[in-house]
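K.L.:
Below: one structure in structure tokens.
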Amino acid sequence: MHSVIRRILDFILPTSCSYCNSSIAGSGIPYFCSSCWSDFTPIRGPVCPRCGRPFESPEALSHSPEHACSACRLNPPLFDQALSIGYFEGSLREAIHQFKYRPCRSLGRPLGHWMVENIRVVSGIDIVMPVPLHVRRLKQRGFNQALLLAHRTSEALSIPLSCDNLFRVRPTRPQVELTGEERIKNVSGAFALRQPGALADKNVVLIDDVFTTGATMNECALVLKRAGAARVTALTLARAV
Ligand SMILES: [Zn+2]
Ligand SMILES: [Zn+2]
């Protein structure tokens, strides 16, 4: 009985780190100890200038900085550039899981803070926009995790946030359950704009939590480009590799 109560209490008000189980006292971060929080790995090596895929060789871009990966050369994405801040692994992966699926809204601020602290080159942006949730999913989770990250980015970079122009016209299955091909079909035609005119010639940063195959970002970019957006950058907290 005692251990049941303890487990319930730990769920409501956890005192141990979600990743390593040590005490979170003094970390200032909900559900994580400071050691695991400082262990997030930012992507620092050369990446594909188009899709952000990390290259194995540290010399990959030394001769031709514009050299895209083979996937992008075969099938260029509709966004102009994708940038991810960290690798979707270890304690960062656990933090994103807690943030999205617990769901734990209070992780939005520290995760957003870590994201903007580590943003490298993003310039000339007119609008910051989150990848929207369908209203049904929004009701289940209570918040859009991408909006919390976009809000923090907009504040930190002093760029206007557009949070209700892009929307989901129909519910989609969670991409995490699907294969690459299924992901493309799942999000096909799922997004639209309420005021397409607001996008003409704009340089947009689209924000989401995780970049996996890029299917969602690609579909959003299609809608933004059709409305005349000049440039679309897909910025995510983490990249699955
Ligand atoms: Zn820990
Ligand atoms: Zn690429």
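K.L.:
Could you say which residue among ILE12, ILE8, ILE29 is modelled with pLDDT under 95 and either under 23 Å from the mean Cα position of the chain (by Cα) or within 12 Å of ligand 1 (Cβ to nearest atom) (or both)? Even if it seems obvious, please write down each step before you answer.
P.N.:
Working: ILE12 fails: either under 23 Å from the mean Cα position of the chain (by Cα) or within 12 Å of ligand 1 (Cβ to nearest atom) (or both); ILE8 fails: either under 23 Å from the mean Cα position of the chain (by Cα) or within 12 Å of ligand 1 (Cβ to nearest atom) (or both).
Selected residue: ILE29, the only one of ILE12, ILE8, ILE29 that is modelled with pLDDT under 95 and either under 23 Å from the mean Cα position of the chain (by Cα) or within 12 Å of ligand 1 (Cβ to nearest atom) (or both).
K.L.:
Continuing with the same structure: Scan the stretch 12-35 and report the pairs whose first residue is closer than 18 Å to GLY112 by Cβ and whose second residue is of a type in the set (Val, Ile, Thr) and within 11 Å of ligand 1 (Cβ to nearest atom), with Cβ atoms within less than 7 Å and a gap of 6+ or a chain change.
P.N.:
Taking only residues 6 or more apart or on different chains, the pairs are TYR31/ILE24; PHE32/ILE24.
K.L.:
Please go through (1) touching a Cys at 6+ places or on another chain (Cβ under 8 Å); (2) of a type outside the set (D, E, K, R); (3) open to solvent by less than 50 Å² (accessible area, probe 1.4 Å); (4) under 18 Å from ALA221 (Cα atoms) for HIS134 and return the number of the only condition it doesn't satisfy.
P.N.:
(1)
K.L.:
Answer yes if at least one residue in the stretch 87-105 is polar (S, T, N, Q), more than 13 Å from ligand 1 (Cβ to nearest atom), open to solvent by less than 70 Å² (accessible area, probe 1.4 Å) and in contact (Cβ under 8 Å) with a residue 12 or more places away in the chain, and no otherwise. Steps first, please.
P.N.:
Filtering the stretch 87-105 for residues polar (S, T, N, Q) gives 91, 98.
When the remaining residues are screened for being more than 13 Å from ligand 1 (Cβ to nearest atom), the result is none.
Checked against the condition, which is being polar (S, T, N, Q), more than 13 Å from ligand 1 (Cβ to nearest atom), open to solvent by less than 70 Å² (accessible area, probe 1.4 Å) and in contact (Cβ under 8 Å) with a residue 12 or more places away in the chain, the stretch 87-105 yields no hits at all.
K.L.:
What is the residue count in the stretch 106-118 for residues that are assigned to a helix (DSSP H, G or I) and open to solvent by less than 40 Å² (accessible area, probe 1.4 Å)?
P.N.:
Residues in the stretch 106-118 being assigned to a helix (DSSP H, G or I) and open to solvent by less than 40 Å² (accessible area, probe 1.4 Å): 8 in total.
K.L.:
Taking the stated definitions as given, is GLY45 on the phi > 0 side of the Ramachandran plot and either at pLDDT below 95 or within 16 Å of ligand 2 (Cβ to nearest atom) (or both)?
P.N.:
On the way: on the phi > 0 side of the Ramachandran plot: no; either at pLDDT below 95 or within 16 Å of ligand 2 (Cβ to nearest atom) (or both): yes.
Criteria not met by GLY45.
K.L.:
Run ALA146 past the list (1) open to solvent by less than 30 Å² (accessible area, probe 1.4 Å); (2) free of Cβ contacts under 8 Å to residues at least 60 places away in the same chain and report the number of the one that doesn't hold.
P.N.:
The single condition ALA146 does not satisfy is (2).
The values are calculated or read from the model by the stated rules, or taken from the named source; none is laboratory data. Please read these numbers as outputs of a predicted model, since none were measured by experiment. All Cβ positions, glycine included, derive from the backbone under ideal geometry; neighbour counts span all protein chains shown. For the accessible areas, the whole protein counts, side chains as well, though only heavy atoms, and no ligand, DNA or RNA atoms are used. Shrake-Rupley method; radii C 1.70, N 1.55, O 1.52, S 1.80 Å.
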